[in-house]
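Some notes on the structure that comes next.
The values are calculated or read from the model by the stated rules, or taken from the named source; none is laboratory data. These figures come from a predicted structure and were not determined experimentally. Heads up, the Cβs are rebuilt from the backbone with ideal geometry, glycines too, and the neighbour counts pull from every protein chain shown. Keep in mind that these areas ignore ligands, DNA and RNA; they rest on the heavy atoms of the full protein, side chains included. Shrake-Rupley method; radii C 1.70, N 1.55, O 1.52, S 1.80 Å.
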Amino acid sequence: MATTYITTPIYYVNDRPHIGHCYTTLVADVLARFHRLAGDDVLMLTGTDEHAEKVIDRAREAGVGVREWADRNAQAFRDAFTLMGFSNDDFVRTSEDRHKTRASRYIQQLVDSGDIYLGDYVGWYDPGQEEYVTESVAKAHDYKSPVSGKPLEKRTEKNYFFRLSAYEQRLAEHIEKHPTFIRPEARRNEVLGRLRQGLQDVPVSRAVRDGDDADWGIRMPNDPGHRVYVWIEALCNYLSVVDTPERGHYWPASIHLLAKDILWFHAVVWPAMLLGMGRPLPRCVYAHAYFVAEGRKMSKSLGNFIEIDQLRAYGSRFSIDAVRWYLATRGPLGATDADFSYANFVDIYNAELANGLGNCASRVVNMVQKYFEGVTPNARDATVHGGVDWPSLTESHTRAAREAINAVDLFSAGHNAMAIVTAVDGYINTTEPFRLAKRVTGPDDPAHADLALILYNCAEALRIAALLFLPFMPAKSAAVLDMIGAIIPEPGGLDDHTSWRGKFGLKPGTPMQKGQGLFMRVEADEPAPKA
RNA sequence: GGCGAGGUAGCUCAGCUGGUCUAGAGCGCUGGAUUCAUAACCCGGAGGUCGAGGGUUCGAGUCCCUCCCUCGCCA
């Protein structure tokens, strides 16, 4: 059995869940669901990153303990992900013991091997923010605080460093040798370009501030005056969660999904740490681009972040599955940003979900209701009919969808499912079952057998399409399967279930139910749902 | 400044190593056909000097050079 381990970043617990978190996790979810269906042993992991000093500060401002603050915010992510219908197998919080104990063991190992050493850190310190800013940021702000505008101080402090420079060669070789290690390709080029400019060691700790919760964060082994930098410790979650006897086989991860802003840590620092620990590297680090909102970059100052409340509002109006479909198939998987716009959402919703899938299911079930008393007709097995070779058509779209999933091409995977729906619509127009029905004189009329065949084929094709839609739209796809009296597959059922009139093909005599419309058409002038 | 990704129909984008591209798809628009269906589905049509200029070539959206614009990365 193939093993598939899919991760998302762990999200900064001070954030409010927004479209960015949801998008990355949705991509992971669609992949995870597809792989489960295909029979892989899947582990999908997401979670929260909790040890930043700002978490302590915000908790203090809110007048609650840091633990309580983190609990509350982590729960907001859990709730958001439940709303989105995500199927993560685990949710890790860096404040959990399972993570802390193993992460500090990894750090210890790197100290022992000499990959982490004590050195002098010289940098630009912002006293107001109590943090260092990078050289480029400092320069861009004329060596003044980007926040307060007050001058930055050049400070030196004792820090532990990770010997990143030692891995320059091996990393470059690995990336060169494995073209799909960093994806998409533009990101790979970016990393290779920066690698050519040479690597410097990176600080991995800083001195603990007075008065901070002693239990918060991870201390440097043998030097508790230093706290491990949160980003370096956070990276360890991917390994710490599976570094157990039961889950050890999941490592190395099949894919780390993330947004482009944290590419460097995932494509360079983390792999170098793994090399230092003698662990295999993840098979793929996939950095997607951003969603922008209505053509404008989302930012705190513009206040135009699409937050979970807004996605919930869209979900209530159009169904969460419609939101999933739109985000998954129009999302910024490539190197360039994608736009989340209401007008575009409505276009896609109407064209693909309402006029496409929803209408097709409706017309098929409706005819079965009218001409066969709502029972799956008993049809002869004709491979090719009405100019369509159904077994090979559905088989080739199934195969193409699988390949697309393996290539992390959600648009193509989804549209191979949609192509089956389009084929059903075309087939109905060519064979005109509604016309045939008027000519049928009785059950012995050959036209009756043709009618049965046509409608059976339509429903059977729809069944296979629904299976391929399942990872994208779990609830709506299940509703389609339910409408036509098909069985919802168990994990591993993909092959058996997608075979044309196979073991799980539609059974003649099974009732079909129209139910309510799947996706009702929206008028273009309807205002956007409000959060 | 260095590096990277782009600029192709109203919109979103495909077009890999140059010749079935006299340039494609989906959406939108428009004409027709049809009525089983969620005014939907099906067929047809209009719409682009492929960012600008120069070059290589028998032939360039596709290669080279210059320039313009957009976006990303710079620990």
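Rounded to the nearest 5, what % of DSSP beta bridges with both residues in the range A:3-288 are antiparallel? Please list the in-between numbers first.
On the way: 21 of 41 bridges.
Roughly 50 percent of the beta bridges in the range A:3-288 run antiparallel, per DSSP.
Relative contact order for chain A: what is it in percent, counting Cα pairs under 8 Å that are at least 6 residues apart? Let's see the in-between values first.
Values: 853 pairs, mean separation 84.0, N = 531.
Value for chain A: 16 percent.
Could you run the Karplus curve 6.51 cos²θ - 1.76 cosθ + 1.60 with θ = phi - 60° over the range A:404-413 and give me ³J(HN,Hα) per residue in whole Hz, x for Gly and Pro?
Those phi angles translate into 5, 4, 4, 8, 6, 10, 5, 4, 5, 4 Hz.
Between A:Ser412 and A:Asp215, what is the label-point separation in nm under the 7 Å Cα-to-beta-carbon projection?
So the two model labels end up 5.1 nm from each other.
Tell me, what ³J(HN,Hα) does each residue in the range A:255-260 have, in order and in whole Hz, if you take phi through Karplus 6.51 cos²θ - 1.76 cosθ + 1.60 with θ = phi - 60° and put x for Gly and Pro?
Working through the residues one at a time gives 7, 9, 8, 6, 9, 4 Hz.
Find the relative contact order for the range A:342-497 and round it to a whole percent, using C-alpha pairs within less than 8 Å whose residues are 6+ positions apart. Walk me through the intermediate numbers first.
Details: 142 pairs, mean separation 39.6, N = 156.
Rounded, it is 25 percent for the range A:342-497.
Using alpha carbons only, what's the Rg to Rh ratio of the range A:437-531 with Rh from Kirkwood?
1.10
What part of the accessible area of chain A, given as a whole %, is carbon or sulfur when the probe is 1.4 angstrom? Each step should come with its number before you reach the end.
Details: 11120 of 22430 Å².
That fraction is 50 percent.
Determine the relative contact order of the range A:441-496: mean sequence separation of Cα pairs under 8 Å and six or more apart, normalised by residue count, in whole percent.
Details: 22 pairs, mean separation 12.3, N = 56.
In percent, rounded to a whole number, it is 22.
With every protein chain left in place, what is the accessible area per residue of chain A in square angstrom, probe 1.4 Å? Don't jump to the answer; show the numbers that get you there.
Details: 22430 Å² over 531 residues.
The answer is 42 Å² per residue.
Taking R0 as 60 Å, what FRET efficiency do you get between A:Ser499 and A:Arg16 from their Cβ-Cβ distance, rounded to the nearest 0.05? All intermediate terms of the calculation are to be shown ahead of the outcome.
Details: r = 45 Å, r/R0 = 0.75.
E between A:Ser499 and A:Arg16, to the nearest 0.05, is 0.85.
Over the residues of the range A:67-218, compute the C-alpha Rg and express it relative to 2.2 N^0.38 Å. Walk me through the numbers on the way to the answer.
Values: Rg = 19.6 Å, N = 152, 2.2 N^0.38 = 14.8 Å.
Ratio of Cα Rg to 2.2 N^0.38 Å: 1.32.
Which three semi-axes in whole Å describe the equivalent ellipsoid of chain A, each the square root of 5 times a Cα gyration tensor eigenvalue, listed largest first?
On the way: eigenvalues 542, 116, 77 Å².
Equivalent-ellipsoid dimensions as semi-axes: 52, 24, 20 Å.
Taking the Kirkwood radius as the inverse of the mean 1/r across Cα pairs, report the Rg/Rh of the range A:342-497. It would help to have the intermediate numbers written out before the result.
Details: Rg = 15.9 Å, Rh = 16.2 Å.
My calculation of the ratio gives 0.98.
Once you have the alpha carbon radius of gyration of the range A:213-356, what is it after dividing by 2.2 N^0.38 Å, with N set to its residue count? Spell out each step's value before the answer.
Working: Rg = 20.0 Å, N = 144, 2.2 N^0.38 = 14.5 Å.
The range A:213-356 yields a ratio of 1.38.
Where in the range A:163-265 are there GluC sites (Glu not before Pro) that are in a DSSP coil and have at most 10 other Cβ atoms within 10 angstrom of their Cβ? The partial results should precede the final answer.
Numbers: sites: A:Glu168, A:Glu173, A:Glu176, A:Glu185, A:Glu190, A:Glu233, A:Glu246; in loops: A:Glu246.
In loop regions of the range A:163-265 (DSSP not H, G, I, E or B), the sparsely surrounded GluC sites (Glu not before Pro) are A:Glu246.
Report, as a whole number in µm² per second, the diffusion coefficient that Stokes-Einstein gives for the range A:152-226 at 25 °C and 0.890 mPa s using the Kirkwood radius over alpha carbon pairs.
Values: Rh = 15.3 Å.
For the chosen part, D equals 160 µm²/s.
If each of A:Ala531 and A:His141 carries a label point 7 Å out from its Cα toward its Cβ, how far apart are those two points in nm?
Result: 2.6 nm between the two label points.
Could you work out the percent of alpha carbon pairs in the range A:3-288 separated by over 25 Å, rounded to a whole number? Working shown, then result.
Details: 20372 of 40755 pairs.
Percentage above 25 Å: 50.
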